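The values are calculated or read from the model by the stated rules, or taken from the named source; none is laboratory data. Because the structure is predicted, anything quoted here is derived from the model rather than measured. No Cβ is skipped: glycine too gets one built from the backbone with ideal geometry, and neighbour counts run over all protein chains shown. These area figures cover heavy atoms from the full protein model, side chains too; ligands, DNA and RNA do not enter into them. Shrake-Rupley method; radii C 1.70, N 1.55, O 1.52, S 1.80 Å.
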Amino acid sequence: MKKQRVDYSGFSLRRLNEPRFAHIKLLAGWIVYFALYFLTENLIPVERCHVIHWALDDWIPFNEYFTIFYVGWYLLVVAALAYTLFYDVESFKKLQCFIMITQGLAMLCYIFYPSVQQLRPESFPRQNVFTWFLGFLYTFDTPTGVCPSLHVSYSLGILSVTLKDRQLNRGVKAAVGLFVFMVCLSVCFIKQHSSLDVLAALPVCLVAEIVLYGKDYWLPKLRKSSLTENLSVPLSKKGEKNT
């Protein structure tokens with residue numbers, strides 16, 4: 001069943017407080033994020049940052065072709081927010097809140113445990129359009145404030161919302177899942193993040209998942225699973241007595 005487009009006719013900034021349009025105010029979270037990003041990037045010196053690195057990072061080769069997925073992440077975020085904003089307001093609220101929760105937790109990490117990675121190659125092994133673009137990316141996407149990875153956090157938030165959408169078919173869900181997986185790999189292969197940054201994003205996402213979905217989504221599932229197990233025990237015991 002095709003989703004009906006949300007009607008925003010008559011919208012104006014003066015009507016933001018009306019229930020019909022109030023969810024749009026959640027986008028203000030991006031203003032807060034960019035302000036904090038600017039402050040953490042400019043006020044925390046590199047000398048104070050902790051180097052994020054472990055042995056697995058040395059086994060992951062540099063591969064500039066993963067730039068496609070790293071950059072594609074920006075389009076994924078915009079597309080997910082736009083789609084939910086215009087077709088599923090409740091999912092938009094969940095996704096934007098997921099993003100804000102992970103943003104907030106990550107910023108706390110960046111402030112109280114500032115991080116930096118030193119994995120970028122001194123020179124590219126090849127010269128092509130991907131290394132050219134990656135060199136450009138390195139100039140403004142600094143190697144500080146990396147743990148946990150927000151690329152990973154936002155991607156998992158998008159995947160969470162996508163998988164819970166009953167009106168999306170399996171093909172769409174599989175495609176989003178595959179793209180999210182490739183994004184998570186890309187941050188390591190283009191040497192923008194340590195693999196530790198990817199792992200550190202998991203508990204951050206878990207907190208957001210519990211806060212947003214724990215009571216209404218996961219708790220009923222856990223209760224149903226527990227009830228099913230309790231009902232199956234007497235049946236199995238009865239079967240054993242009959243034999």
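Looking at segment 42-58, which of the residues that are in a helix (DSSP H, G or I) and out of contact with any helix residue (DSSP H, G or I) (no Cβ under 9 Å at 6 or more places or on another chain) is least open to solvent (accessible area, probe 1.4 Å)? Taking the candidates together, the pick is A55.
I'm trying to understand the selection: among the residues of segment 189-228, which are aromatic (F, W, Y) and touching a strand residue (DSSP E or B) at 6+ places or on another chain (Cβ under 9 Å)? Residues satisfying the conditions do not exist here. Candidates are the residues of segment 1-33 that are closer than 14 Å to F92 by Cβ and not in a helix (DSSP H, G or I); the one that is least open to solvent (accessible area, probe 1.4 Å) is F21.
If you check L222 against the conditions, is it open to solvent by 60 Å² or more (accessible area, probe 1.4 Å) and in a helix (DSSP H, G or I)? Here the answer is yes, as L222 does meet what is asked. Considering only residues that are part of a helix (DSSP H, G or I) and either crowded, with 22+ Cβ neighbours inside 10 Å or not aliphatic (A, V, I, L, M) (or both), which ones fall in segment 59-68? Residues satisfying the conditions are W59, E64, Y65, F66, T67. If you scan segment 159-196, which residues turn out to be of a type outside the set (A, V, I, L, M, F, W, C) and assigned to a loop (DSSP other than H, G, I, E, B)? Hits for segment 159-196 are D165, R166, Q167, N169, K191, Q192, H193, S194. The single condition from (1) open to solvent by less than 30 Å² (accessible area, probe 1.4 Å); (2) at pLDDT 95 or above that L159 fails is (1).
Residues that are modelled with pLDDT of 95 or more, touching a Leu at 6+ places or on another chain (Cβ under 7 Å) and within 16 Å of A201 (Cα to Cα) do occur in segment 146-154, at least one of them.
If I filter segment 1-21 down to residues being aliphatic (A, V, I, L, M) and touching a helix residue (DSSP H, G or I) at 6+ places or on another chain (Cβ under 9 Å), which single residue comes out as farthest from Y87 (Cα to Cα)? Out of the qualifying residues, it is L16. When segment 170-202 is filtered for residues that are of a type in the set (D, E, K, R) and surrounded by fewer than 17 Cβ atoms within 10 Å (Cβ to Cβ), the ones remaining, listed by number, are R170, K173. In the set V78, V146, V71, only one residue is assigned to a loop (DSSP other than H, G, I, E, B), β-branched (V, I, T) and under 17 Å from the mean Cα position of the chain (by Cα); that residue is V146.
L36 meets the conditions (1) under 22 Å from P148 (Cα atoms); (2) at pLDDT below 95; (3) outside any helix (DSSP H, G or I) in every case but one. The failed one is (3).
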